[in-house]
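Please treat every number below as a calculation from the coordinates, not as lab data. Keep in mind that this is a model prediction, so the values were computed, not measured. All Cβ positions, glycine included, derive from the backbone under ideal geometry; neighbour counts span all protein chains shown.
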Amino acid sequence: MSKLIDIQKHDGITRVTLNRPDALNALSLALRQAIAETFFALAEDAETEVIILTGAGRAFTVGLDLKELGGEIPASAAGAVANLSDAMAACSQPIIGAINGYAITGGFEIALMCDFLIASEHARFADTHARVGVVPGWGLSQRLPRLIGVNRAKELSLTGNFLSAEQACSWGLVNRVVSAEQLLPVCEQLAGDITSTDPATRREIKRIIDAGWQTTLADGLALEGRASSAHDKAEVRADKISERRAAIQNRGRQQQDV
């Protein structure tokens, strides 16, 4: 696997770690390709029964690499990248999101693709799509309201404000908050509990839970996809992204200091 992704396997559990800590695991083209390739491969891996997804360093992932998107640095890869939602959805195995730090915008969307989330005390969530000037394209506008309620989702998405781990737990976004030192051990224990169940039965239970939850979600995702594509064509330019990046970063620092 790519060096951008660290893979560790044992006893049916596969830990996937996003490995760009110096860039807060920002989703460069190359990292997005690596994530997609990793999950499509794990979907076919008979040895993997449960997946734990986490990030190296201070962030889970802060979302798209705005330096790359804004043209400030060259693209790290060429060609089309598979939809990350499709790649993660291809896995019949449960995916536990171990949210170790910042999960921002595209990173928030990836967290929402997991089956459930365990957060460290340092986890922070934010949806800054409206501040970047990009409409969500990986399902956030449809998944988030279904998890925390439409009014709370609107508050987060329309303000771009940060949500603490404790508030995320109170709102039902994450299952529990643990210390940073206990994050991976707790996720490993839960993964072990899952592997101790009957494989065929748990796959079917997960399938029907997902199918029932997505009965109307699918239409919403299609709506979002059309809106995102249309907005990108009309509004998203490298110069706008580059101008907005510094303002978003400064605002984030100010909110963290409060």
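Of a type in the set (A, V, I, L, M, F, W, C), in a helix (DSSP H, G or I) and on the phi < 0 side of the Ramachandran plot: does that describe Leu156?
yes
Please identify the pairs in which a residue from the stretch 232-248 that is more than 14 Å from Val135 (Cα to Cα) has its Cβ atom under 6 Å from the Cβ atom of a residue that is surrounded by 15 or more Cβ atoms within 10 Å (Cβ to Cβ) and among the polar types (S, T, N, Q), counting only partners at least 6 apart or on another chain.
Going by the 6 Å Cβ cut-off, the qualifying pairs are Ile248/Thr128.
Take the residues in the stretch 113-123 that are surrounded by 24 or more Cβ atoms within 10 Å (Cβ to Cβ) and either among the β-branched types (Val, Ile, Thr) or in contact with a Gly (Cβ under 8 Å, 6 or more places away or on another chain) (or both); name whichever of them is nearest to Ser85 (Cα to Cα).
Result: Leu117.
Does the stretch 119-138 hold any residues that are over 13 Å from the mean Cα position of the chain (by Cα), among the aliphatic types (A, V, I, L, M) and either assigned to a loop (DSSP other than H, G, I, E, B) or over 15 Å from His231 (Cβ atoms) (or both), and which are they?
Of everything in the stretch 119-138, those that are over 13 Å from the mean Cα position of the chain (by Cα), among the aliphatic types (A, V, I, L, M) and either assigned to a loop (DSSP other than H, G, I, E, B) or over 15 Å from His231 (Cβ atoms) (or both) turn out to be Val134, Val135.
Residues to consider are Ala238, Ala191; find the one that is of a type in the set (Gly, Ala, Ser), surrounded by 12 or more Cβ atoms within 10 Å (Cβ to Cβ) and within 27 Å of Gly101 (Cβ to Cβ).
Exactly one residue qualifies, and that residue is Ala191.
Determine whether Leu223 is surrounded by 19 or more Cβ atoms within 10 Å (Cβ to Cβ), on the phi < 0 side of the Ramachandran plot and either not polar (S, T, N, Q) or not in a helix (DSSP H, G or I) (or both).
No.
Only one of Ala126, Ala168 is free of Cβ contacts under 8 Å to residues at least 60 places away in the same chain and surrounded by 15 or more Cβ atoms within 10 Å (Cβ to Cβ). Can you tell me which?
Ala168
Just need a number here: residues in the stretch 95-118 that are assigned to a strand (DSSP E or B), of a type in the set (Phe, Trp, Tyr) and under 19 Å from Gln256 (Cα atoms).
1
Report, by residue number, each residue of the stretch 130-146 that is over 20 Å from Ser242 (Cα atoms) and surrounded by fewer than 17 Cβ atoms within 10 Å (Cβ to Cβ).
Within the stretch 130-146, Arg146 is the sole residue that qualifies.
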